[in-house]
Number of protein chains: 2
Amino acid sequence: MGISDRKERERQELKNRILDAARQLFLDKGVDNTSIRNIAEIIEYSPGTIYHYFKDKNDILHNLHSEGFRQLRSRMTVLEAVSDPIEHLKALGRVYVQFGLENRDMYDLMFIKDEPMEFVENEEEDCWVEGSTTFDYLKKLIQKCMAKGFFPDQELEPLSFMIWSAVHGIVSLYIRNRTKILSEEIQNSIVVDALESFNKLIDQQK
Amino acid sequence: MGISDRKERERQELKNRILDAARQLFLDKGVDNTSIRNIAEIIEYSPGTIYHYFKDKNDILHNLHSEGFRQLRSRMTVLEAVSDPIEHLKALGRVYVQFGLENRDMYDLMFIKDEPMEFVENEEEDCWVEGSTTFDYLKKLIQKCMAKGFFPDQELEPLSFMIWSAVHGIVSLYIRNRTKILSEEIQNSIVVDALESFNKLIDQQK
DNA sequence: AAATATAATTGAACAGTGTTTAAATATCCA
DNA sequence: TGGATATTTAAACACTGTTCAATTATATTT
């Protein structure tokens, strides 16, 4: 059936146009200032049409959030050349932080905003694949570090979550404007400096 | 002038009633589901009245956020009995995490939500007093730890921000539902376990 | 006590939000 | 060409934060 093939293709095309419009809008106005009507205007369809391609707004935001994870993961895989696991781990933190600094809104959507998680919750499976995959990657790396004698007397799962938390904490306090406690000069470099401070902690863990 | 005294008192009273209503509403429906009209209904005034007592909604949320800081600080000061600075620091983390677990919405308002910071930004001074005071407290404590030989080769400011970040990261990933990556059994204890994992890191820093 | 000035309160309006749905239009197949 | 199917739309619903002219209440002065 060539016709239904084409129809499916056209469907996917419009779906992508909606996502493109959404991405474009929320990159230059922010997620909170992007409405369904705004998106509809760009793709030159009525607002109602969007609901035939996405369940709701959270569905759209969840799609963009997944896109962010693909971007992040492609940055992460570059580091696979680093053979020493502990150097790998420290570099991973730098890549993660860099991603957050360069893509504030995307990071916000991926790790802070409620909407994508609300969408996940309403799915039948109710599991956060993007997060799980990325976290598993981190866990395996930390396991390698432990195998080399790092992090004695630690349990893999809490340790991994803690390391993720530490780096996320730095980025999220920055993104959500809690670095106002610092003088302006320091504010600009605090994210990177705090990460290096954490990396120093790690160096002492053998 | 007794009359203007009484008027000022009445003004303050209504201001408090507005805050009480707001607190009540957002504690059992969440901040995002609390509208000015909801608050107005509880205090039995029209929505417009609220704007004669608060600049805008952010003003109200900022007031509640300050209240949260008073609560947190009163929990923190209890620990002043702990004489060993490193034990003090570890206990402070526990108190902080406990506060977050027991007051999710309040923590969210204090350290994650944009609104209170947006209010601070529009103030003439543009400084986050609540955050600064609390951070200074942490910094002084960490300075004592350093004086005892802990955290060698670290700089006070980035180190302090990093330690705050680590603990905040744990709580905020939990509050914003990013612990879905873990099995349900682990989810319940991960926050406390991750904190203890971080405390183990600290123990190695001498 | 009456008139005026000040303060407090209101209701309606504005411009937006996400979402649903009945009706209209377009496309496809027999 | 007629009927089934899919797509698109406009309008409506029930909200949101905020502003503002008009009203009501209180206080001060004549």
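One residue stands out among those in region A:182-195 that are among the small types (Gly, Ala, Ser) and assigned to a helix (DSSP H, G or I): the one that is nearest to the other protein chains (Cβ to nearest Cβ), which is A:Ala194. Determine whether region A:52-66 contains at least one residue that is more than 9 Å from DNA strand C (Cβ to nearest atom), more than 14 Å from chain B (Cβ to nearest Cβ), open to solvent by 40 Å² or more (accessible area, probe 1.4 Å) and under 27 Å from A:Leu92 (Cβ atoms). Checked region A:52-66: at least one residue is more than 9 Å from DNA strand C (Cβ to nearest atom), more than 14 Å from chain B (Cβ to nearest Cβ), open to solvent by 40 Å² or more (accessible area, probe 1.4 Å) and under 27 Å from A:Leu92 (Cβ atoms). Residue pairs whose Cβ atoms lie under 6 Å apart, sitting 6 or more positions apart in sequence or on different chains, and linking a residue in region A:187-206 that is modelled with pLDDT under 95 to a partner that is part of a helix (DSSP H, G or I), are A:Gln187/A:Thr179.
Among the residues of region A:25-38, those identified as more than 12 Å from DNA strand D (Cβ to nearest atom), away from every other protein chain (no Cβ under 14 Å) and either in contact with an Asp or Glu (Cβ under 9 Å, 6 or more places away or on another chain) or open to solvent by less than 100 Å² (accessible area, probe 1.4 Å) (or both) are A:Leu25, A:Phe26, A:Leu27, A:Lys29, A:Thr34, A:Asn38.
So A:Ser83 clears everything in (1) assigned to a helix (DSSP H, G or I); (2) more than 14 Å from the chain's Cα centre (by Cα) except one condition, right? Which one? For A:Ser83, the exception is condition (1). Report yes if A:Phe161 is at the interface with chain B (Cβ under 9 Å from one of its Cβ atoms), crowded, with 19+ Cβ neighbours inside 10 Å, on the phi > 0 side of the Ramachandran plot and out of contact with any strand residue (DSSP E or B) (no Cβ under 9 Å at 6 or more places or on another chain), otherwise no. Spelling it out, it is not the case that A:Phe161 is at the interface with chain B (Cβ under 9 Å from one of its Cβ atoms), crowded, with 19+ Cβ neighbours inside 10 Å, on the phi > 0 side of the Ramachandran plot and out of contact with any strand residue (DSSP E or B) (no Cβ under 9 Å at 6 or more places or on another chain).
Scan B:Leu14, B:Leu89 and give me the residue that is open to solvent by less than 60 Å² (accessible area, probe 1.4 Å), in contact (Cβ under 8 Å) with a residue 12 or more places away in the chain and within 16 Å of DNA strand C (Cβ to nearest atom). If you could, list the steps in order and put the result at the bottom.
Numbers: B:Leu89 fails: within 16 Å of DNA strand C (Cβ to nearest atom).
From the options B:Leu14, B:Leu89, the qualifying one is B:Leu14.
Residues in region A:196-205 that are more than 7 Å from every other protein chain (Cβ to nearest Cβ) and among the aliphatic types (A, V, I, L, M): 1 in all.
Taken as a whole, the condition of being assigned to a helix (DSSP H, G or I), surrounded by 15 or more Cβ atoms within 10 Å (Cβ to Cβ) and charged (D, E, K, R) applies to B:Lys200.
With the structure loaded, tell me whether A:Ser74 is more than 16 Å from DNA strand C (Cβ to nearest atom), part of a helix (DSSP H, G or I) and loosely packed, with under 13 Cβ neighbours inside 10 Å or whether it fails that test. The answer is yes for A:Ser74.
Can you name every residue in region B:168-181 that is at the interface with chain A (Cβ under 7 Å from one of its Cβ atoms) and not polar (S, T, N, Q)?
Within region B:168-181, B:His168, B:Gly169, B:Ile170, B:Leu173, B:Arg176, B:Arg178, B:Lys180, B:Ile181 meet the criteria.
Exactly one residue out of A:Glu123, A:Glu130, A:Glu44 is modelled with pLDDT of 95 or more, acidic (Asp, Glu) and more than 16 Å from DNA strand D (Cβ to nearest atom): that is A:Glu130.
Considered as a group, the residues in region A:47-64 that are touching a Lys or Arg at 6+ places or on another chain (Cβ under 8 Å) and touching a residue at least 40 places away in the same chain (Cβ under 8 Å) include one that is nearest to DNA strand D (Cβ to nearest atom), and that residue is A:Tyr53. Pairing residues of region B:110-131 that are in the same structural domain as B:Val97 (by TED's automatic domain parsing) and farther than 10 Å from B:Phe69 by Cβ with residues that are among the aromatic types (Phe, Trp, Tyr) and modelled with pLDDT of 95 or more, at Cβ distances under 8 Å and at least 6 apart in sequence or on separate chains, gives B:Met117/B:Trp128; B:Val120/B:Trp128.
Looking at region A:132-145, which of the residues that are free of Cβ contacts under 8 Å to residues at least 40 places away in the same chain and either touching a Leu at 6+ places or on another chain (Cβ under 7 Å) or at the interface with chain B (Cβ under 7 Å from one of its Cβ atoms) (or both) is farthest from B:Thr134 (Cα to Cα)? Quick ask: steps written out before the conclusion?
Step one: filter region A:132-145 for residues free of Cβ contacts under 8 Å to residues at least 40 places away in the same chain, giving A:132, A:135-136, A:139-140, A:143.
Now narrow it down to the ones that are either touching a Leu at 6+ places or on another chain (Cβ under 7 Å) or at the interface with chain B (Cβ under 7 Å from one of its Cβ atoms) (or both): A:132, A:135, A:139, A:143.
Details: A:Ser132: 34, A:Phe135: 31, A:Lys139: 33, A:Gln143: 36 Å.
Taking the candidates together, the pick is A:Gln143.
A:Cys127 fulfils the conditions (1) part of a helix (DSSP H, G or I); (2) hydrophobic (A, V, I, L, M, F, W, C); (3) facing chain B (nearest Cβ under 8 Å); (4) more than 25 Å from B:Asn199 (Cβ to Cβ) except for a single criterion, (1). The residues on offer are A:Leu109, A:Leu92, and the sole one that is over 18 Å from B:Leu173 (Cα atoms) and aliphatic (A, V, I, L, M) is A:Leu92.
The values are calculated or read from the model by the stated rules, or taken from the named source; none is laboratory data. Note that the coordinates shown come from a computational prediction; the quantities given were computed from them, not determined experimentally. Reconstructed Cβ throughout: ideal geometry from the backbone, glycine too, with neighbour counts over all protein chains shown. Protein only, heavy atoms only, side chains kept; ligands, DNA and RNA dropped before computing areas. Shrake-Rupley method; radii C 1.70, N 1.55, O 1.52, S 1.80 Å.
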